[in-house]
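The values are calculated or read from the model by the stated rules, or taken from the named source; none is laboratory data. Just so we're clear, the structure is a prediction, and the values are computed from it rather than from any experiment. Glycine also receives a Cβ, built like all others from the backbone with ideal geometry; neighbour counts cover every protein chain displayed. The protein model used for the area step is the full one, side chains on, heavy atoms only, and it has no ligands, DNA or RNA in it. Shrake-Rupley method; radii C 1.70, N 1.55, O 1.52, S 1.80 Å.
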Protein chains: 2
Amino acid sequence: MPEYSIGLDLGGTNLRAAAMDRAGHVLDRRATATNPDAGREGMLGCMVNAIAELRHSCGAAQLAGIGIGVPGFILLKEGIIRNSNNLACLEDFPIRAEIERRLNARVILENDANAAALGEKWMGAGRDVDDLVLLTLGTGVGGGIISGGRVLQGYLGMAGELGHITVYPDGNPCGCGNRGCLEKHASATAITAMASMLRLGEGLSAREVYDLALGGNEKASRIFLVVGEALGVALATLVNTFNFPLYLLSGGVLAAWDLFAPPMLAEVRRRSFSFRTTATRIERATLGNEAGLFGAACLPWVEAGPANGAA
Amino acid sequence: MPEYSIGLDLGGTNLRAAAMDRAGHVLDRRATATNPDAGREGMLGCMVNAIAELRHSCGAAQLAGIGIGVPGFILLKEGIIRNSNNLACLEDFPIRAEIERRLNARVILENDANAAALGEKWMGAGRDVDDLVLLTLGTGVGGGIISGGRVLQGYLGMAGELGHITVYPDGNPCGCGNRGCLEKHASATAITAMASMLRLGEGLSAREVYDLALGGNEKASRIFLVVGEALGVALATLVNTFNFPLYLLSGGVLAAWDLFAPPMLAEVRRRSFSFRTTATRIERATLGNEAGLFGAACLPWVEAGPANGAA
């Protein structure tokens with residue numbers, strides 16, 4: 001067996017883990033449903049078991065490191081999940097220290113959207129750049145910023161909360177206390193809520209609204225216009241702020257790209273001199289829901305190596 | 001003489017240059033009025049003369065490097081000012097190569113707001129941090145981002161255009177093509193325009209509007225409320241994006257801090273979970289209009305040394 005790392009992506013729905021070599025080849029993997037009802041002990045057990053099995057299968061001697069991506073605000077220095085909508089049972093608990101104790105190995109913790117951005121840089125749509133921003137359009141809107149081949153973490157590990165960029169100062173209220181957050185206008189949840197506002201139906205999924213729009217429903221089409229414009233306002237601000245070569249979108253809402261991308265790109269062109277006059281790219285991510293897993297596995301390589309350590 | 005660097009800050013009004021040692025002590029300095037009517041040749045002559053005089057006075061052998069801050073979008077790799085409202089005569093001309101040829105020395109070019117941010121990190125309000133954002137509130141609103149002790153430049157050198165963050169999607173039109181840019185609601189120019197809209201007077205300076213507000217004029221007070229709220233919307237987005245420990249404000253509008261800061265901070269608290277729950281600071285810069293000069297002089301040290309090279 002060659003040298004390898006183990007990545008684990010803990011989502012609200014699924015837990016995925018994989019052993020990968022430096023070239024991103026998957027040597028072995030584990031997957032299971034996340035069961036928040038199992039409580040903290042159940043969740044910890046699942047995570048530790050998946051990693052321990054992979055280590056056993058691939059050989060403890062060749063293991064270069066372990067990376068874990070988890071949702072929520074993370075205090076990186078302390079290794080604590082401060083706030084997580086999906087995994088409340090793991091909040092305010094020294095999760096990194098506990099996993100390290102049980103595995104007797106060092107663990108690198110990272111926010112899941114940050115890990116996904118790193119995954120796209122390592123093995124996805126961002127392979128050819130060192131700097132990119134990823135927006136994940138799912139239940140909420142997450143963000144990850146890669147600068148110089150590394151995750152931009154901020155001083156506490158809370159950077160990249162791009163779902164809470166204000167796009168409409170008087171817009172929809174958000175649980176974070178703000179109004180008009182990007183995720184209140186461009187997430188799957190926002191699409192469901194707008195469909196309800198327009199009396200298209202209660203509890204429609206983003207996919208169902210998309211199908212209505214494809215079938216000619218004008219109200220449904222207008223929802224994706226709103227999604228595109230909100231993304232355009234946010235992306236213009238990100239382009240003007242970072243001047244990175246690449247901005248990626250991923251997540252379930254990406255399936256509606258052909259409906260929201262034209263108004264989104266028109267809005268960015270209008271709002272960013274820098275976008276209009278350079279070859280800055282806004283594109284679809286390519287790793288889908290595996291991005292966070294790849295990024296988690298990449299964390300040990302980035303920490304060990306040069307800025308572009310995984311290459 | 002100890003080892004020293006030369007910094008030059010080319011503004012629309014003044015040209016300043018100084019020789020400084022590694023500790024930021026000014027060994028010698030030159031200053032002159034910028035005269036755009038002198039055309040490109042006149043401007044280049046002034047810049048080269050100031051640097052050559054300092055080099056002669058402090059000794060060519062001890063010169064560690066030369067840094068120059070200039071306003072406008074800069075293509076860093078090419079050393080070209082792409083677009084500058086104040087210095088049109090220097091646009092689209094290989095300014096760095098020409099200065100290097102005349103001085104027979106290497107020159108580091110940087111955007112003036114980026115240089116100011118670096119100056120504040122080196123010798124100003126940001127001495128104790130490695131990561132900060134600076135907003136300069138002057139004729140326009142400029143921005144500089146310091147990440148890991150270095151200027152975040154973006155892939156073309158156009159990062160930090162924070163005056164063009166969209167704060168009100170349907171707000172005032174901006175020359176950049178956008179609407180509701182921060183600088184259309186929080187610059188000295190915006191204050192003058194709002195005073196005109198409210199029939200307080202034509203061509204009032206930000207200072208005059210400030211004096212009116214202090215004298216009890218309610219319309220003038222409302223202008224600084226708008227300034228504060230617009231800054232708050234932008235800063236909340238920056239805090240959520242970067243999670244840096246420090247955000248600084250500088251420029252002429254800073255004199256009205258006591259009027260715009262309370263609504264600004266209230267808005268950031270409301271709009272940023274991260275700001276409310278951490279010790280993130282939003283403060284006044286301390287170097288005033290010398291920040292760009294210090295930052296320019298710091299550029300050679302940062303390039304030569306470790307990330308925090310100037311320390």
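Here region B:106-125 is the region considered, the condition is being assigned to a strand (DSSP E or B) and in contact (Cβ under 8 Å) with a residue 60 or more places away in the chain, and the residue that is nearest to residue B:136 (Cα to Cα) is B:110.
Looking at A:233, A:209, A:226 in this structure, which one is surrounded by fewer than 24 Cβ atoms within 10 Å (Cβ to Cβ) and within 24 Å of the chain's Cα centre (by Cα)?
Details: A:233 fails: surrounded by fewer than 24 Cβ atoms within 10 Å (Cβ to Cβ); A:209 fails: surrounded by fewer than 24 Cβ atoms within 10 Å (Cβ to Cβ).
The conditions single out A:226.
Kindly establish whether residue B:244 is surrounded by 24 or more Cβ atoms within 10 Å (Cβ to Cβ), within 14 Å of chain A (Cβ to nearest Cβ) and closer than 13 Å to residue B:120 by Cβ. It is true that residue B:244 is surrounded by 24 or more Cβ atoms within 10 Å (Cβ to Cβ), within 14 Å of chain A (Cβ to nearest Cβ) and closer than 13 Å to residue B:120 by Cβ.
Yes/no per residue for (1) in contact with a Gly (Cβ under 6 Å, 6 or more places away or on another chain); (2) over 25 Å from residue A:130 (Cβ atoms); (3) at pLDDT below 95; (4) not small (Gly, Ala, Ser):
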| residue | (1), (2), (3), (4) |
| --- | --- |
| B:106 | no, no, yes, yes |
| B:115 | yes, no, no, no |
| B:118 | yes, no, no, yes |
| B:148 | no, no, no, no |
| B:151 | no, no, no, yes |
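Among residues of region A:284-300 that are in contact (Cβ under 8 Å) with a residue 40 or more places away in the chain, those with a Cβ under 7 angstrom from a residue that is of a type in the set (Val, Ile, Thr) and surrounded by fewer than 24 Cβ atoms within 10 Å (Cβ to Cβ), sequence gap 6+ or separate chain, pair up as A:299/A:108; A:300/A:108. With respect to (1) more than 9 Å from chain A (Cβ to nearest Cβ); (2) farther than 13 Å from residue B:253 by Cβ; (3) at pLDDT 95 or above; (4) not in a strand (DSSP E or B), the lone exception for residue B:203 is condition (3). Only one entry in B:24, B:45 is outside any strand (DSSP E or B) and either more than 18 Å from residue B:104 (Cα to Cα) or open to solvent by 60 Å² or more (accessible area, probe 1.4 Å) (or both), namely B:24.
Among (1) on the phi < 0 side of the Ramachandran plot; (2) modelled with pLDDT of 90 or more, there is one condition residue A:76 misses while meeting the rest; what is its number? Among (1) on the phi < 0 side of the Ramachandran plot; (2) modelled with pLDDT of 90 or more, the lone unmet condition for residue A:76 is (2).
From B:184, B:219, which residue is outside any strand (DSSP E or B), more than 12 Å from chain A (Cβ to nearest Cβ), more than 26 Å from residue B:109 (Cβ to Cβ) and touching a Cys at 6+ places or on another chain (Cβ under 6 Å)? Step through it out loud before you land on a result.
Details: B:219 fails: touching a Cys at 6+ places or on another chain (Cβ under 6 Å).
That would be B:184, the only listed residue that is outside any strand (DSSP E or B), more than 12 Å from chain A (Cβ to nearest Cβ), more than 26 Å from residue B:109 (Cβ to Cβ) and touching a Cys at 6+ places or on another chain (Cβ under 6 Å).
For region A:89-115, taking the residues that are polar (S, T, N, Q) and open to solvent by less than 30 Å² (accessible area, probe 1.4 Å), the one that is nearest to residue A:40 (Cα to Cα) is identified as A:111.
Taking the criterion of being touching a strand residue (DSSP E or B) at 6+ places or on another chain (Cβ under 7 Å), open to solvent by 10 Å² or more (accessible area, probe 1.4 Å) and not in a strand (DSSP E or B), would at least one residue in region B:147-160 satisfy it? So that I can check it myself, show each step before the final result.
Let us first name the residues in region B:147-160 that are touching a strand residue (DSSP E or B) at 6+ places or on another chain (Cβ under 7 Å), namely B:147, B:151-152, B:156-160.
Those left that are additionally open to solvent by 10 Å² or more (accessible area, probe 1.4 Å): B:147, B:151-152, B:156.
Next, from what is left, pick out any that are not in a strand (DSSP E or B): B:152, B:156.
The answer is yes, given that some residue of region B:147-160 is touching a strand residue (DSSP E or B) at 6+ places or on another chain (Cβ under 7 Å), open to solvent by 10 Å² or more (accessible area, probe 1.4 Å) and not in a strand (DSSP E or B).
Give the number of residues within region B:258-280 that are outside any helix (DSSP H, G or I) and exposed (fewer than 15 other Cβ atoms within 10 Å of the Cβ).
The first filter runs over region B:258-280 and keeps only residues outside any helix (DSSP H, G or I), leaving B:272, B:278-280.
Okay, now just the ones that are also exposed (fewer than 15 other Cβ atoms within 10 Å of the Cβ), so B:279.
Matching residues across region B:258-280 total 1.
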